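Below is one structure, written out as structure tokens; comments come after it.
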Amino acid sequence: MPPADSATRAESDPVCGYDRAFLLDLLHRMWVIREFEEQVKFLFLEGAMPGTIHQCQGQEAAAVGVCRALEAADYITSTHRPHGHALAKGLTPLEMLIELFGGGTGCCRGKGGSLHIGNMAKGMPPAVAIVGGGIPIAAGMALALKMQRRPQVVACFFGDGATSEGAFHEGVNLAAIWDLPVIFVCENNLYGASTPVAQITRLPRLVDRADGYGIPGQRLDGNDVLAVYEATQQAAARCRRGEGPVLLELMTYRITGHSRRDPCLYQPKDERQWASENEPIGRWARRLQEQRADISADDVEEVRCRVVDEITAAVEQARREPEPTVADLFTDVYAD
Ligand SMILES: Cc1ncc(C[n+]2csc(CCOP(=O)(O)OP(=O)(O)O)c2C)c(N)n1
Ligand SMILES: [Mg+2]
């Protein structure tokens, strides 16, 4: 495509209306998630990390776009695939890596691991690995916020698979009738494990479930970080006005296995090809260079190199952290 002139750019692409630093920050945040996941993948495969993992390569724009539109004091709930959400909400790679190694100084003191990662001080209760399990929790947190007249909102992440769980119906319906401040964020990556979404529902558009609860819904390109950011901003503003929940369906794709060692044989080759061409980080980097005269290939490469250094240093430090002690078995079991 020939380069557009700046006037055409300003009219044609919303990236022209934003600060350069903000746009590069979105790139940085998405790359932190990608690099974190890539390094963690190899640490698990070589057996350096215990347990199991579900990774989110390809879905970074959803986590970053949503969380960048939230305030630090807002909350999120997450799923069995929580690393991107946690990083986007402000947990550091270091506190998370220590947690994944089972270290006693991790964000859950080594007791949560990948599937229950979180940090309440940063607005993220430990992730819930039961599919749909975070949805009633988000509604409950939002009810507490409303009863305490606090201004925060809850962004509730879940997958396409969760929309056919009873917990989805109950949680969304309660949030709807009580006008609770919840942004329901469905990351539709087309599969629940190896099952295509079309095999678990007759609805071609999951967002149409919003009509069943009488709330607004919006389906959008979940690999477009700016579109996700803008939609979340609007949804959060509506929640803060006391007008009740919103359902966002973010169309995305997982370019890694469902869990470790999944060869993804159920994903057709042409679909994978399309997904790798449309994965959110490469797309965003190309778009910035095409649409912004003040962002070059060197700027993009600088961000990537900085992220690789950051994550590599965090992994080295996390490896050196102490394991929990036997005495730690008895801490954090009961409330004081
Ligand atoms: C209630 C429940 N049923 C089954 C599982 C096993 N399980 C873990 S992840 C998963 C697929 C979930 O798919 P989706 O909600 O689309 O999220 P994605 O994995 O695509 O991010 C399943 C069936 C579970 N954890 N909880
Ligand atoms: Mg899914």
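The values are calculated or read from the model by the stated rules, or taken from the named source; none is laboratory data. All values derive from a computational prediction rather than experimental measurement. Neighbour counts are summed over all protein chains in view; Cβ atoms, including those assigned to glycine, are modelled from backbone coordinates with ideal geometry. Ligands, DNA and RNA are excluded from the accessible area calculation, which covers all protein heavy atoms including side chains. Shrake-Rupley method; radii C 1.70, N 1.55, O 1.52, S 1.80 Å.
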| query | Within the set of pairs 6 or more residues apart or between chains, which connect a residue that is farther than 12 Å from Glu243 by Cβ and of a type in the set (Ser, Thr, Tyr) inside the range 169-195 to a residue that is near ligand 1 (Cβ under 9 Å from one of its atoms) and open to solvent by 10 Å² or more (accessible area, probe 1.4 Å) with Cβ atoms less than 9 Å apart? | reply | Tyr191/Gly159; Tyr191/Gly161; Tyr191/Val197; Tyr191/His258; Ser194/His258; Thr195/Gly161
| query | When you go through (1) farther than 24 Å from Ala275 by Cα; (2) assigned to a helix (DSSP H, G or I); (3) within 16 Å of ligand 2 (Cβ to nearest atom) one by one for Ala198, which number turns out not to apply? | reply | (1)
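The rows are residues; the columns are (1) surrounded by fewer than 20 Cβ atoms within 10 Å (Cβ to Cβ); (2) more than 16 Å from ligand 1 (Cβ to nearest atom); (3) closer than 19 Å to Ile311 by Cβ.
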position	(1), (2), (3)
Leu23	no, yes, no
Phe36	no, yes, yes
Gln39	yes, yes, yes
Leu43	yes, yes, yes
Glu60	no, no, yes
Leu70	no, yes, no
Thr79	no, no, no
Pro82	no, no, yes
| the range 132-141: number of residues that are within 16 Å of ligand 1 (Cβ to nearest atom), buried (at least 20 other Cβ atoms within 10 Å of the Cβ) and touching a residue at least 40 places away in the same chain (Cβ under 8 Å) | 3
| query | Exactly one of (1) among the acidic types (Asp, Glu); (2) within 11 Å of ligand 2 (Cβ to nearest atom); (3) at positive phi is unmet by Asp179. Its number? | reply | (2)
| From the list Arg272, Arg261, which residue is open to solvent by 50 Å² or more (accessible area, probe 1.4 Å), within 16 Å of ligand 1 (Cβ to nearest atom) and in a loop (DSSP other than H, G, I, E, B)? | Arg261
| task | Only one of these is small (Gly, Ala, Ser), in contact with a His (Cβ under 7 Å, 6 or more places away or on another chain) and within 16 Å of ligand 2 (Cβ to nearest atom): Ala162, Ala167, Ala129. Name it. | result | Ala129
| Residue that is farthest from ligand 2 (Cβ to nearest atom), among those in the range 142-157 that are open to solvent by less than 10 Å² (accessible area, probe 1.4 Å) and part of a helix (DSSP H, G or I) | Leu145
| query | Among Asp160, Asp208, which is within 15 Å of ligand 1 (Cβ to nearest atom) and either surrounded by fewer than 24 Cβ atoms within 10 Å (Cβ to Cβ) or within 18 Å of Gly133 (Cα to Cα) (or both)? | reply | Asp160
| note | Restricting the range 201-219 to residues that are assigned to a helix (DSSP H, G or I) and of a type outside the set (Asp, Glu), the one nearest to Gly159 (Cα to Cα) turns out to be Leu206
| request: Taking only the range 299-336 into account, find how many residues are farther than 30 Å from Ala21 by Cα, in a helix (DSSP H, G or I) and open to solvent by less than 60 Å² (accessible area, probe 1.4 Å). | output: 1
| Of the criteria (1) under 20 Å from Thr52 (Cα atoms); (2) away from ligand 2 (no atom under 16 Å from the Cβ); (3) surrounded by fewer than 21 Cβ atoms within 10 Å (Cβ to Cβ); (4) at pLDDT 95 or above, which one Lys111 fails | (4)
| note | Being of a type outside the set (D, E, K, R), surrounded by 14 or more Cβ atoms within 10 Å (Cβ to Cβ), closer than 25 Å to Tyr75 by Cβ and at pLDDT 95 or above narrows Leu226, Leu203 down to just Leu226
| remark: Only one of (1) more than 16 Å from ligand 1 (Cβ to nearest atom); (2) in contact with a Gly (Cβ under 8 Å, 6 or more places away or on another chain); (3) open to solvent by 40 Å² or more (accessible area, probe 1.4 Å) does not apply to Gly51, and that is (1)
| Quick check: anything in the range 233-252 basic (Lys, Arg), out of contact with any helix residue (DSSP H, G or I) (no Cβ under 6 Å at 6 or more places or on another chain), within 16 Å of ligand 2 (Cβ to nearest atom) and not in a helix (DSSP H, G or I)? | no
| task | Please enumerate the residues belonging to the range 174-195 that are more than 15 Å from ligand 1 (Cβ to nearest atom), out of contact with any Cys (no Cβ under 8 Å at 6 or more places or on another chain) and outside any loop (DSSP other than H, G, I, E, B). | result | Leu174, Ala175, Ala176, Ile177
